[in-house]
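Presented below is the structure to which this report refers.
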């Protein structure tokens, strides 16, 4: 122990000069002194390392999560909530990304000049609608099921409006586990068919999360197979976060680092994962909720989880009655705000993605782009943009998407973060996670067919 | 010149021993002898290098193109055609790929378990429908326009049913050149709108290639701006071929090298590029033509270019009346066969791509997948596959797509290549180039809406 030897040598001289009771006292206090010095050094390093971007052995997830807030917002607020349960941290998202690499599709990041022009910013879209199983839910499901399989479980139980159930079914088949999944009686037929095709045992129950959850818990108790929650699960949050991590890294590599990241919100697992993925950067993370299904928006405003009675929306995946406990513990400090979008905006984003980007996103996924366009709507004059766009110069670089301040989107943006008076932030590059692509053929026909007259104006800005 | 010095030293001894007329004769013949030796060595190297995979200085494009045939088929046939005009070679495709890298989108290679199962083989799809401008035509157009811009031209003229016109318009804008494009009076509105949005001068003329070409030539003469043909142009063939080159390389890298490559055929530029890209491999290249628009099929059967009166088809991009001269010079020896598909098969492939792969391909692009499925149809019992697929093991690896022999597809496969008696070839991995994604919203609604009852059975095999 060179440190102790050095300390001994340093102290031995002065101590040798002393005698009598002073010496006896000092010799007795020696271990205490030494402990104090080691502790002081330890604390100094502990404080210095995070500032230098390093990590520290004792920096537990809950501690790191809180420190994000200060970095992002500098907002001081006395929290009265009970301490958050142990949730995932950024390191878990990184580990998930490593483990999932090669096990899931590395989905492409796509871009459309027409969409850039409409948004007034670069919009980089992570096409998780092209993910195995048709949605980014495959990431969390594969990670959670993989760990349960490694722990020796023979089966799993899950409930969701569809994509999580499909993903758990496929992940279970991949690991040779039995899967029992509970879907609502009004689930999209394509999602039920996909879960069934993966060999899962299908149970249809109720129309709300509570009804499905009660059935799923009964099934879990009866079979002894663990329940994998669709969002209140650390592996699910970390897995979903890996999509954001890839998008952030690819944007960085392309020389267009993200200023903001927009993710649709159901139970909040995906956007919580995004917050963790972005937690060591200055990227503003926004959630998107359908009007009337805005539990996260209300929860952020209230400072505690607030359930809602979900209203009707074409975004069937964004209808849980309440944001999850684990996600909210991350989100209440990590997310910059929530954008509310209505069905018409979602349908418009759906058509843009289909006809301009050439990909099929389900309305829940299209909501992400609708949110990004809504963020921009306070500033962008679409009519003017269209005129300038036709034959004009490339839009990227010149136009920027602006957030905060007295913009037109203020009524739909909550979280108490716009009131700090930090002024406007300009977003040159916005990332969007297109979370899924499992959509009914009938709904595609209806969404493409409706307002066909409007499509021409959209095509007018295409390039 | 050490070689000459060496030869001189070797020959000097014997020559010195001779005298009188023998010596005079030998000294006179010395240059002739030396030339003969150098020529013999040169020819030996010329023959040895291609076998070793090397290239040779004097191996001109036309020479290399012919040698492909022997490598692929070993078919000996006395050709009576006039010598082919100077066309592009594999090296041109490689050079195009290098030049286009970073200038066009490196489109992803996509795959769907449901499509693999239907085909009975791995189907790797190069999503050029996600290319800038909405089709792979951007590659050839950018290369051709780039070279004309470098040569100092101030503008270009092009004609096509749409995608080439859109691509040339965008490429011209990118290079600051004026573009005049001629489209048919019945062109897809989205393609006209996209060309117009790119700032091109639009001329609508006739419904056939001949009518458009006549107008385009007039415009070219009047403006002095060169005409960039949609397929009878070496840069266009080489540019389009770079998509196939990327697909071949990515399949190789993923550990699933292609056995066959399927490309839709309009004027034949893309499939000729594919043949060049695949010319140093054992990959079988197939073209796909709509029934009634089968100029390439008829031309291969006749051994010379045969025009057709194009019948009606939803694949608006595959309707030229005759395969191009330069493409045919490559194709008559390079392509293994042509698969004819009808509108119903194209519509079914369109729906599979949309609902399973989650991408929007235009019917002309979807024809590629329709062709791959048609190739497999001789063997695959779709009903049986569906049953086996639900919850069964992964299809890839076990099932294979079979071609040639007395398969059920024989009536639709031409080219005289199935008559050589080489027996059946088994395709484990088939590449498909999804050439474009510019499609009318009305057509999307119609294709998705029609036969909605059938969609459920398709979804039954999804996973």
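The values are calculated or read from the model by the stated rules, or taken from the named source; none is laboratory data. All values derive from a computational prediction rather than experimental measurement. Don't worry about glycine lacking a Cβ; one is built from the backbone with ideal geometry, like all the others, and counts go over all protein chains shown.
Just a few scattered comments:
- Qualifying residue in the range A:338-350 (condition: under 15 Å from the mean Cα position of the chain (by Cα), within 30 Å of residue A:428 (Cβ to Cβ) and crowded, with 21+ Cβ neighbours inside 10 Å): yes
- Summed over the range A:283-299, residues that are under 17 Å from residue A:269 (Cβ atoms) and assigned to a loop (DSSP other than H, G, I, E, B) total 2.
- Residue A:215 falls short on exactly one of the conditions (1) away from chain B (no Cβ under 14 Å); (2) over 20 Å from residue A:128 (Cβ atoms); (3) in a loop (DSSP other than H, G, I, E, B), and that condition is (3).
- The conditions of being in contact with a helix residue (DSSP H, G or I) (Cβ under 7 Å, 6 or more places away or on another chain), in the same structural domain as residue A:102 (by TED's automatic domain parsing) and surrounded by fewer than 24 Cβ atoms within 10 Å (Cβ to Cβ) are met by residue A:257.
- Pair list, Cβ < 7 Å and 6+ apart or interchain, from the range A:203-229 residues that are over 22 Å from residue A:321 (Cα atoms) to residues that are part of a helix (DSSP H, G or I): A:226/A:148; A:226/A:220
- Take the conditions (1) in a helix (DSSP H, G or I); (2) modelled with pLDDT under 95; residue A:250 misses just one of them, which is (2).
- Screening residue A:267 on (1) in a strand (DSSP E or B); (2) under 11 Å from the mean Cα position of the chain (by Cα) shows it passes everything except condition (1).
- Helices (runs of 4 or more DSSP H) lying entirely in the range B:79-190 (those with 2 or more residues that are within 14 Å of chain A (Cβ to nearest Cβ) and within 19 Å of the chain's Cα centre (by Cα)): B:137-150, B:163-175
- Any hit, the range B:201-212, residues being surrounded by fewer than 24 Cβ atoms within 10 Å (Cβ to Cβ) and within 14 Å of chain A (Cβ to nearest Cβ): yes
- Exactly one residue out of B:145, B:182 is within 19 Å of residue B:318 (Cβ to Cβ) and modelled with pLDDT of 95 or more: that is B:182.
- Taking the numbered list (1) in contact with a strand residue (DSSP E or B) (Cβ under 9 Å, 6 or more places away or on another chain); (2) closer than 30 Å to residue A:133 by Cβ; (3) more than 13 Å from chain A (Cβ to nearest Cβ) in turn, residue B:339 passes all entries but (2).
- Condition met for residue B:257 (assigned to a helix (DSSP H, G or I) and either touching a residue at least 40 places away in the same chain (Cβ under 8 Å) or under 16 Å from the mean Cα position of the chain (by Cα) (or both)): no
- The range B:351-363 - residue that is more than 8 Å from chain A (Cβ to nearest Cβ) and closer than 20 Å to residue A:105 by Cα and, of those, surrounded by the fewest Cβ atoms within 10 Å (Cβ to Cβ): B:356
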